[in-house]
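Please read the structure below before turning to the comments.
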Amino acid sequence: MSKRIEEQIDSFRYKGEPIRVTLGTLIMTALCVLFIIIATFTQVTVTHPYFPSDTFLYLSQENSGADIFRHFLKSYDYIPQIPVIFFIVALMGRKFGILAIIIYIILGMFFPIFALGGGVSYLFEYGFGYILAFLPAVFFAGTLLKGRTDYLRIPVLALFGVVTIHVLGILYMLFVSTVRHAPIELVTSWIASQSGVQMLYDIFFTIIAIILGKQARKLLWIVMC
């Protein structure tokens, strides 16, 4: 391969440069907003093996192979909104990731694009704090991804990013419940449903989403630059 061809190939190689503001990147940001909306109303059934608390007791009993197989499988209805948020920031960077979230929130003040509807009254919904928490989480993740984030650090980034969303979401939920004088049983049930096992799935799928986003960003940089 000649030196001229090598230089041409290297000129199209992604080196961590920021994506510039162009018509194409603005269109991509709009598509990312649409992607968030779709993820909000998408429910995926995740089935995986697990070991329940009665594992040894169950194995000591006489059960068929099919029953044993089903007993150690767990199905969970998962909404992939948070991994999509981190995929976008890994793909578009901090600036465009925050812009996509802001547009999503503004649209939600006028249209029913949130999980339980929309409008200004949604500010007093228990789950709105999770949406607001996307902004600091995206800023945090985008700042770290702006540097040379190796793949070994991605799980740590996903952990802190997801935990940030859930902690701020719970705090906002407690604030709203105090204003609305909600019974403690309702609040704890909301926290369990929104930040219970859901958080573990969010961390796992966010790791995958960031990796995919980083790879897709290389292609996007070539197209947009």
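Read the figures in this text as sums done on the coordinates, not as results from a lab. Everything quoted here is computed from the prediction, not taken from an experiment. Glycine gets a Cβ as well: all are built from the backbone with ideal geometry, and neighbour counts include every protein chain shown.
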- Tell me which residues come under 5 Å, amide H to amide H, from Tyr78 once H is placed; ignore anything under 5 positions away on its chain. Val44, Thr45, Val46
- Query: Sorted from fewest to most neighbouring beta carbons within 10 Å, what does the list Met92, Met109, Met28 look like?
  - Reply: Met109, Met28, Met92
- Binning at 10 Å from 0, report for the range 119-225 what percent of all alpha-carbon pair distances ends up in each bin. 14, 38, 27, 16, 5, 0
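Listing His181, His166, His48 from the residue with the fewest other Cβ atoms within 10 Å to the one with the most, what is the order?
Placing the least packed residue first, the sequence is His181, His48, His166.
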- Task: Please go through the range 145-183 and write out the chymotrypsin sites (Phe, Trp or Tyr not before Pro) that DSSP classes as loop and that have at most 13 other C-beta atoms within 10 Å.
- Result: Tyr151
- Query: In Å, what is the Rg of the alpha-carbon atoms in the range 123-174, and how long is Dmax?
  - Reply: 12.4, 39
- Item | Inverse of mean 1/r across different Cα pairs in the range 74-119, Kirkwood, Å | 11.8
